[in-house]
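Written below as structure tokens is the structure these notes are about.
The values are calculated or read from the model by the stated rules, or taken from the named source; none is laboratory data. This one's a predicted model, so the numbers in the text were calculated from it and none came from an experiment. Neighbour counts run over all protein chains shown; Cβ positions are idealised from the backbone, glycine included. With ligands, DNA and RNA removed, areas are computed over all heavy atoms of the protein, side chains included. Shrake-Rupley method; radii C 1.70, N 1.55, O 1.52, S 1.80 Å.
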Amino acid sequence: MLTLILILLPLLVAIGLFFIKNERWARNLALAAALIESGISIAALYTYFNFCHCQLLFRFEWLANYGISLKFGMDGLSMLMTLLTNFLVPVVIYSSFTQKVERASSFYSLIILMQAGLIGVFTAFDGMMFYIFWELTLIPAYFIAAYWGGENRIRITLKFFAYTFSGSLLMLVAIIYLYFHTPLPHSFDHIWLYASNLNPAEQVWVFLAFFLAFAIKIPIFPFHTWQPDTYVTAPYSGSMLLGGLMSKMGLFGMIRWMIPITYPVLNRTDGFFIIFPLIGIVYASLIAIRQDDLKRFVAYTSIAHLGLVAAGAMALNAQAMQGAMIQMVSHGINIVGLFIIIQYIESRTKTTSIAELQGIALKAPRLAVLFMIILLGSIALPLTNGFVGEFLILLGLFKYYWLYAAVAGLTVIFSVVYMLWMYQRVMLGNTNTVTESFTDLSWKEMIPLIAIVIMIFWIGIAPGMFMHLAENGVRQIIGVVR
Amino acid sequence: MNSIISLSVLGVLVLFLGILKKKTWLLPLILVGLVASLMMTLLHWNMNRSLFHNMLIIDNTGVAFSSVLIFSTFLIFLFAARYYRKVIRPLDDIYAIMIFALVGAVLMSYYGNLIMLFIGIETLSIALYVLAGSHKEAITSNEATLKYFLLGSFLSGFLLFGIALLYGSSGSFDLYAIHSYVVDHIQQGLPPMFKAGLFLLIIGLAFKIAIAPFHFWAPDVYEGTPTLLTAFMATVVKTASVVAMYRFFSITFFGIHGVWEMTIAILAGITIVIGNVTGLYQPNLKRMLAYSSISHSGYMMLAMVAFSGRTANALLFYSVAYSIATITAFAILILVREARGNDYFGSFNGIAKKNRIEAFTLAVAMLSLTGIPPLAGFMGKYFLFAAAIEQGWLWLVIIAIAGSAVSVGYYFKPIIAMYFREDQGTILQSGKPFKVHILFLTLLTILLGFLPFLLSGLI
């Protein structure tokens, strides 16, 4: 029941928000709803740990003669992703309060609608529900980016939409195809889909359809071309939702649907498909080093980091997968933190060009400290959140094939290079004309960053709870794969 | 039967009101009459009988589809007052002809005899030839009616010739008699005369449904026809023709579908590709909707190809979802044409700023036509795709999927114009009743997406 409330509440709030004329009210209501939603997910977490690991299932036969049911629940993986979503959405909403937003009620309504879609994706245990919510998130994402976005938004966002929609359509075919190969009576229930009976050739096709859909969403090289432009042109809240949460949908889909259903393909191809994210790591890192625009810089670091996560997920062993789950959470938190900081910098200096910025740390020590911490989280310094996940992934990859681990390990080195060099150019040195009148963060602006920093240290120092949840999630998946 | 009689009476009554010059009574009478005849149609639910020696077969498929036809007409009439608000003369003739066209459409969903099919199609078509030219002053309307009439009568000849050949080989017009003929002769192969007849019949129906390569009339005729009547053409006529095709195949080839499936599959593939790709290059919404309707004919053929017990229901759901979204789009098109003079995509710029409801409804309609969940159009597509995949038509589904992906390119044009481009024109004057009507349609689209089981298990 809690799971259902988690989906329905934002859905209803989103509809209600459309009709609110007063923009102040709209944004406050949106924040309140998002906070209540976080409260409910903490209640769900509490139930999960103290009463049962019974997945908080909700089930309703929706289209019985087509085998589709509203089946939602939470295992460890869903719980992790739900917590991440419900932590980030209030942060995203709150951080947008410093900006002037046109037509605020529609804006916040779309963010909350996106939240409903995300929770639906992360908790769906029915293939068709997964698909429906998967597509549902695309509409708000598109409108946020295209209405409130920057230059060239129309062309860029249409590319984004067409790209991801095409990928998803192939996934739809794969899911329906799987449905007709499940044991009788056919069903879209995840247990049925896991048990579907495919011959090796069919498995390859289904795998490719899934892989393409998820690879576009994450994005994995060479399907990433929509991503940097979209992140740059979207408003900050949109980029945060895209980078922090929507990209996780792809990874989540890999772990929940693609791997348990088509793992034999991964086994047979000897890790061929891991090569794509590995190329992406090197390629995106090199581009990030040479990048001048801060938003584009973050977009490329995201390709690199998520490539590592995708590689870990596809390595088919417990450590790497557990690391992947933890790293999904960490990356979501870190990238939102980075975007918030860039947002603050841009709102003060009107530029995101690294070359034009200099010496901000002199003027804004609070910003400098918070920025540094989030940066270290991204670099995966021990005791920060990035370390836990990346360490496990590299360990798992090493077990899989040492060369892959060696290439993937480059990400750690690269990220130190591009992150610290960027920090050095933007924050250190003497101020110039652009940054001369830079004011430090107000307390109000610091709240979302402090929340993020707390999470960074929490996961970095005491990852017990997160590890436990991820382990539960891994057990579900690896159990099928063995 | 009920619906045919009640609708005919309604049509005559409308003409009488015209003679009496009771202009204000027209639309209320029509709307009430349509609802009444919808109810009388539904009384036949689960009746399953045939009338006049199998001339008409009253079964649930027929009842369901004629209800959809009557309901769609009802929805179109909701916008009639608005569309004709500047016309002073009584419009009894146009309305009556629309209702007579509807009678023809209903006949096509009940027929059990090829003669009845022909009568139905001709009743529908002749009424439409008149309607297409009903905007007498406009040269485009004249062009539309001439084009439609010439091609339509030519293709009716095909249809009739096909029927004659089928009669010549099987010795009957009755669908069941033809079915038993097919069963007897399928082993040693059907004679060429029968196959030729079948082929000509398919061409005749394909023309009405607007399936490529018999679709060339559609964009021009749609563009020239008065918009309200274009909506009628794109929804009622298409649904009726699809159900006519379905009835023919489902009865005459009951249990044996290998004969015609490949032909229809190829036509469907061509239609989807041509409809979607050409749709990308249309300069205005009305022509774009014409190509959209062509591509949707292609999708509907998917269900026809993957013939099973669920085909009728898949077609029913799809035609409802498609009709509602298309009527919404045409309603907004009427407004935009009125306020801004034309319907080039540029005329939609910035509508969302001041006409939020209108923009929202058109956006939902476009998204539903694209097939984005959780809207009705997605569920419709899902039923079609599932049926086709179940029967092993994977290559056709892949084409359909590619078509859907391409269709984003044109369905998003009005959305982009309305929401993301700067305003350049006058505000649309829609008025309260109009807003209520379009919101009602949008609600239906959303509701059917969330609660597809309302329609999915009927027949």
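Summary of values
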quantity	calculated
Test result for B:Arg340, of a type in the set (Lys, Arg) and surrounded by fewer than 17 Cβ atoms within 10 Å (Cβ to Cβ)	no
Residues of the range B:265-288 satisfying the condition of being surrounded by 19 or more Cβ atoms within 10 Å (Cβ to Cβ) and in contact with a Pro (Cβ under 9 Å, 6 or more places away or on another chain)	B:Leu267, B:Thr271, B:Ile274, B:Thr278, B:Gln282, B:Leu285, B:Lys286, B:Arg287, B:Met288
Helices (runs of 4 or more DSSP H) fully within the range A:311-413 counting 1 or more residues that are under 18 Å from the mean Cα position of the chain (by Cα) and more than 18 Å from A:Phe466 (Cα to Cα)	A:318-349, A:365-379
Test: residue in the range B:384-396 that is at pLDDT 90 or above and either touching a Cys at 6+ places or on another chain (Cβ under 9 Å) or under 28 Å from B:Thr225 (Cβ atoms) (or both)	yes
Verdict on B:Ser347 being touching a residue at least 40 places away in the same chain (Cβ under 8 Å), of a type in the set (Gly, Ala, Ser), under 30 Å from B:Thr426 (Cα atoms) and open to solvent by less than 10 Å² (accessible area, probe 1.4 Å)	no
Candidate set: the range B:396-432, residues that are without any contact (Cβ under 8 Å) to a residue 24 or more places away in the chain and open to solvent by 70 Å² or more (accessible area, probe 1.4 Å); chosen: the one farthest from the other protein chains (Cβ to nearest Cβ)	B:Lys432
3 or more residues crowded, with 21+ Cβ neighbours inside 10 Å and within 11 Å of chain B (Cβ to nearest Cβ): qualifying helices (runs of 4 or more DSSP H) within the range A:135-228	A:138-147, A:153-179
Filtered residues of the range A:326-370 (kept if farther than 30 Å from A:Ile461 by Cβ, surrounded by 19 or more Cβ atoms within 10 Å (Cβ to Cβ) and of a type outside the set (Val, Ile, Thr))	A:Arg348, A:Leu357, A:Gln358, A:Gly359
Residue ID - farthest from the other protein chains (Cβ to nearest Cβ), chosen from residues in the range B:433-442 that are of a type in the set (Val, Ile, Thr) and over 17 Å from B:Lys354 (Cβ atoms)	B:Val436
Helices (runs of 4 or more DSSP H) contained in the range A:237-290 and holding at least 2 residues open to solvent by 30 Å² or more (accessible area, probe 1.4 Å)	A:259-268, A:275-289
Residues that are out of contact with any strand residue (DSSP E or B) (no Cβ under 9 Å at 6 or more places or on another chain), open to solvent by 10 Å² or more (accessible area, probe 1.4 Å) and assigned to a helix (DSSP H, G or I), drawn from the range B:234-257	B:Tyr246, B:Ser250
Complete set of residues in the range A:150-204 that are among the hydroxyl-bearing types (Ser, Thr, Tyr) and more than 26 Å from the chain's Cα centre (by Cα)	A:Tyr177, A:Tyr179, A:Thr182, A:Ser187, A:Ser196
Residue check for B:Ala321: surrounded by 24 or more Cβ atoms within 10 Å (Cβ to Cβ), touching a Gly at 6+ places or on another chain (Cβ under 7 Å), away from chain A (no Cβ under 13 Å) and small (Gly, Ala, Ser)	yes
Candidate set: the range A:117-134, residues that are more than 19 Å from A:Leu84 (Cα to Cα) and not aromatic (Phe, Trp, Tyr); chosen: the one nearest to the other protein chains (Cβ to nearest Cβ)	A:Ile132
Breaking point among (1) open to solvent by 30 Å² or more (accessible area, probe 1.4 Å); (2) in contact with a helix residue (DSSP H, G or I) (Cβ under 8 Å, 6 or more places away or on another chain), for B:Met262	(2)
Which listed residue is of a type in the set (S, T, N, Q) and over 30 Å from B:Phe453 (Cα atoms), from A:Ser69, A:Ser78, A:Ser109, A:Ser105	A:Ser105
Near pairs, Cβ below 6 angstrom, 6+ apart or cross-chain, from the range A:61-83 (within 14 Å of chain B (Cβ to nearest Cβ)) to any residue that is β-branched (Val, Ile, Thr)	A:Trp62/A:Ile68
Matching residues in the range A:37-81 - criterion: being within 23 Å of A:Leu184 (Cα to Cα), buried (at least 21 other Cβ atoms within 10 Å of the Cβ) and of a type in the set (A, V, I, L, M)	A:Ile68
Hey, B:Phe434 out of contact with any Leu (no Cβ under 8 Å at 6 or more places or on another chain) and modelled with pLDDT of 90 or more or not	no
Failed item in (1) open to solvent by 10 Å² or more (accessible area, probe 1.4 Å); (2) more than 16 Å from the chain's Cα centre (by Cα), with A:Ala124 passing the rest	(1)
Output for the range A:1-60, where each listed residue is farther than 20 Å from A:Glu102 by Cα and basic (Lys, Arg)	A:Arg59
Residue match in the range A:421-439 (condition: charged (D, E, K, R) and open to solvent by 50 Å² or more (accessible area, probe 1.4 Å))	yes
